[in-house]
Amino acid sequence: MLIGYARVSTREQNLDIQLKALKEAGCEKIYTDKISGKKEDRIGLNKLFEYIRPGDTLVIYKLSRLSRSLIGIISIIGKLKERNIDIKILTQNVDTRTPEGKLFFHMIAAFNEFQRELIVDNINAGLQVAKDKGIKLGRPTACTEEKRNMILAMLKDVDNYPFISDVIKASGLTRPTFYRHFSIDLIKNIREN
């Protein structure tokens with residue numbers, strides 16, 4: 001029996017292309033996940049392992065859909081081999097029921113890991129270049145210097161802003177963000193002077 005498995009990394013991504021290919025390949029049952037391939041505990045993959053039997057073939061669209069690391073792929077393939085289950089990769093035309101398929105499978109797994117490591121290295125290099133140029137990474141701060149000065153003035157103006165909730169509302173900041181920038185001790189000190 002051909003059992004399909006499809007996975008995308010995020011909820012926003014779409015499984016349609018994989019599902020269509022798996023149905024066209026003759027899969028009688030298909031399991032899916034919307035989670036990172038680095039995660040080992042995947043509901044769809046776990047259900048697949050509960051269902052699949054010796055002699056069945058696991059069909060996937062691409063090897064990277066099974067796992068994003070060579071260790072993960074080897075682990076999953078090891079579990080499949082122990083249970084006498086073959087694997088077929090549609091886009092790479094690999095079928096481990098043949099000796100060529102087994103060899104090609106191992107080469108593809110190594111290249112997938114290599115590609116992932118290159119992507120991570122490139123991202124890290126880009127982040128380092130940005131840091132070296134003085135580019136601030138991450139979300140911009142909600143409390144700019146200008147806004148901070150405005151809030152300090154409102155905190156001092158007890159007549160127009162008698163309650164801290166009035167200051168928070170006028171600042172446009174959320175309560176947690178406000179208190180992250182203005183501690184209770186700081187507020188008390190400003191209001192008492």
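General remarks:
- A single entry from 11, 65 fulfils the requirement of being basic (Lys, Arg) and touching a residue at least 24 places away in the same chain (Cβ under 8 Å): 65.
- Within segment 127-144, tally of residues that are within 15 Å of residue 172 (Cα to Cα) and modelled with pLDDT of 90 or more: 0
- For segment 167-187, taking the residues that are over 35 Å from the mean Cα position of the chain (by Cα) and either at pLDDT below 90 or of a type in the set (A, V, I, L, M) (or both), the one that is most open to solvent (accessible area, probe 1.4 Å) is identified as 184.
- Residues of segment 39-63 satisfying the condition of being hydroxyl-bearing (Ser, Thr, Tyr) and open to solvent by 10 Å² or more (accessible area, probe 1.4 Å): 51, 61
- Checking 15, 45, 19 one by one, the residue that is hydrophobic (A, V, I, L, M, F, W, C), over 13 Å from the mean Cα position of the chain (by Cα) and within 21 Å of residue 96 (Cβ to Cβ) is 45 and no other.
Listed here are the residues, each with its yes/no results for (1) in contact with a Leu (Cβ under 7 Å, 6 or more places away or on another chain); (2) within 18 Å of residue 86 (Cα to Cα); (3) not hydrophobic (A, V, I, L, M, F, W, C).
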residue: 1; (1), (2), (3): no, yes, no
residue: 8; (1), (2), (3): yes, no, no
residue: 11; (1), (2), (3): no, no, yes
residue: 19; (1), (2), (3): no, no, no
residue: 22; (1), (2), (3): no, yes, no
residue: 26; (1), (2), (3): yes, yes, yes
residue: 33; (1), (2), (3): yes, no, yes
residue: 37; (1), (2), (3): no, no, yes
residue: 47; (1), (2), (3): no, yes, yes
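- Some residue of segment 91-98 being of a type in the set (Ser, Thr, Tyr), surrounded by 16 or more Cβ atoms within 10 Å (Cβ to Cβ) and more than 28 Å from the chain's Cα centre (by Cα): yes
- Residues within segment 12-33 that are part of a helix (DSSP H, G or I) and out of contact with any strand residue (DSSP E or B) (no Cβ under 7 Å at 6 or more places or on another chain), tallied: 6
- Check on residue 113, over 16 Å from residue 87 (Cβ atoms), in contact with a helix residue (DSSP H, G or I) (Cβ under 6 Å, 6 or more places away or on another chain) and among the charged types (D, E, K, R): yes
- Options 36, 9, 75: the member that is farther than 18 Å from residue 105 by Cα and open to solvent by 40 Å² or more (accessible area, probe 1.4 Å): 9
The values are calculated or read from the model by the stated rules, or taken from the named source; none is laboratory data. Quantities reported herein were computed from a predicted structural model and do not represent experimental measurements. Counting neighbours? That spans all protein chains shown, and the Cβs are built from the backbone with ideal geometry, glycine included. Protein only, heavy atoms only, side chains kept; ligands, DNA and RNA dropped before computing areas. Shrake-Rupley method; radii C 1.70, N 1.55, O 1.52, S 1.80 Å.
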